1. How much net charge surrounds Asn332 when only other residues with a Cβ under 15 Å from its Cβ are counted (Lys, Arg +1; Asp, Glu -1)?
2. Expressed in whole Å with the largest first, what are the equivalent ellipsoid semi-axes of the range 69-201 derived from the C-alpha gyration tensor as the square root of 5 times each eigenvalue?
3. Provide the per-residue ³J(HN,Hα) series for the range 171-179, in order, calculated from phi with Karplus coefficients 6.51, -1.76, 1.60 and θ = phi - 60°, each as a whole number of Hz, with x at glycine and proline positions.
4. What list do you get for Leu358, Leu156, Leu228 if you sort them by fewest beta carbons within 10 Å?
5. So if R0 is 41 Å, what FRET efficiency would Leu341 and His92 give, r being the distance between their Cβ atoms, rounded to the nearest 0.05?
6. Going by average Cβ density within 10 Å per residue, which order do the peptides 282-291, 165-174 take, highest to lowest?
7. What are the residues whose amide H is under 5 Å from the amide H of Gln225, where those residues sit 5 or more places off or on another chain and H is modelled from the backbone?
8. Name the residues whose placed amide hydrogens come within less than 5 Å of the amide hydrogen of Ala231, ignoring near sequence neighbours (fewer than 5 apart) on the same chain.
Amino acid sequence: MDSIKQIVAQTGLVDLKYLNTPEGEMYLQIAVASVAVGVALALYLATASTSQPKKVLETPELTLSTTEPHAMLPTITDWHPMKLVDKTALSHNTNLYKFDIPRPTGHVKGIHPEPVLGLPIGQHISVSAEIDGKNIVRSYTPTTLDGEDPGRFHLLVKAYEKGNISRYLSLLTVGQEVKVKGPKGKFVYHRDLADHFLMIAGGTGITPMYQIIKASLADDKDTTQLRLIYANVNEDDIPFVSSAQGVGRSTGSLERSVASLCKHTLSLVMYQDHALIPGWAFFAQYVLNNAPAGWTGGQGFITRDMIESHMPSGGVGARGKVLMCGPPPMMNAMKGHLDALGYPKPNTISKLDDQVFLF
């Protein structure tokens, strides 16, 4: 300590006599401690600045279950390449695309279940492609439920002349890939969400409705009443069976429950062209702008009266929701009808607890 006193005294800042007093020694001890802390901090910062950055943790090895299928979307990476394995024309401008879900590392066919997307009912995926040097992304709802077509998912997409991703998909050939990401969306369906769903869809806006309908009808504990009004321009635009129809809920049988929904995979079960039969779990009314001769469904545009006829018996105050998806002009017209019937205006971005939800 005496040598430190001599060094400090030589600076001329503090007199040596003062440093030899008890107060001076205390001052010196505090000063030395402060310098030590400063040096330690400087050494730490210097070491940190020259050290190598921490490595990002390696992707952990997957532990695959032999009973539960691996869900691809919520895990490991953002974008997943999905290979097109089948493409079927359903109308002059609408195709059904079937994509393989890649098997994760360690998957053994026959031992591990085929992978699934892991997409909650009512949510959608993003599809990305590079078009004219730009990365374009669009959202689509698969028409399949997880595990319905093991190891695959289906997309129903209408191609537009000026569309980006829709036209890109229409030009795809079997074996080519697209990039997929998800889940995305604010709507997640479960059996206790509402007692009644009034669904209004136009064109390929049917896809989120179709997914919800299938999930509900496949669940024998689901008592939700489903009512669909589905609009198209021409009969050829409908990738589903025409006219109005209804079905009951068939316990434990997805195939029988949804057998009236889609003509490219399933056959028609029942027609109901007039009054709604009480107790039917699902009822659909088809509407065409250009109705052909003999058409028994709705004609022209969806009207306020059509919507009112499919509302729950308790009206707006009942425990029901309105779900809508379709072209913007159509959706704007539907908002006007719903407002006239007393429904609340939908939010700019719909939330799950909204009574009127716009996909």
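FYI, it's all coordinate maths here, none of it is from the lab. Everything numeric here is computed off the predicted structure, so don't read it as measured data. Reconstructed Cβ throughout: ideal geometry from the backbone, glycine too, with neighbour counts over all protein chains shown.
1. +2
2. 23, 21, 15
3. Result, ordered by residue: 9, 5, 10, 4, x, 7, 10, 10, 9 Hz.
4. So the ranking, lowest neighbour count to highest, is Leu358, Leu156, Leu228.
5. 0.70
6. 282-291, 165-174
7. HN-HN under 5 Å from Gln225: His196, Phe197.
8. Close amide H contacts, sequence-distant or interchain: Ala201, Gly202, Gly203, Val287.
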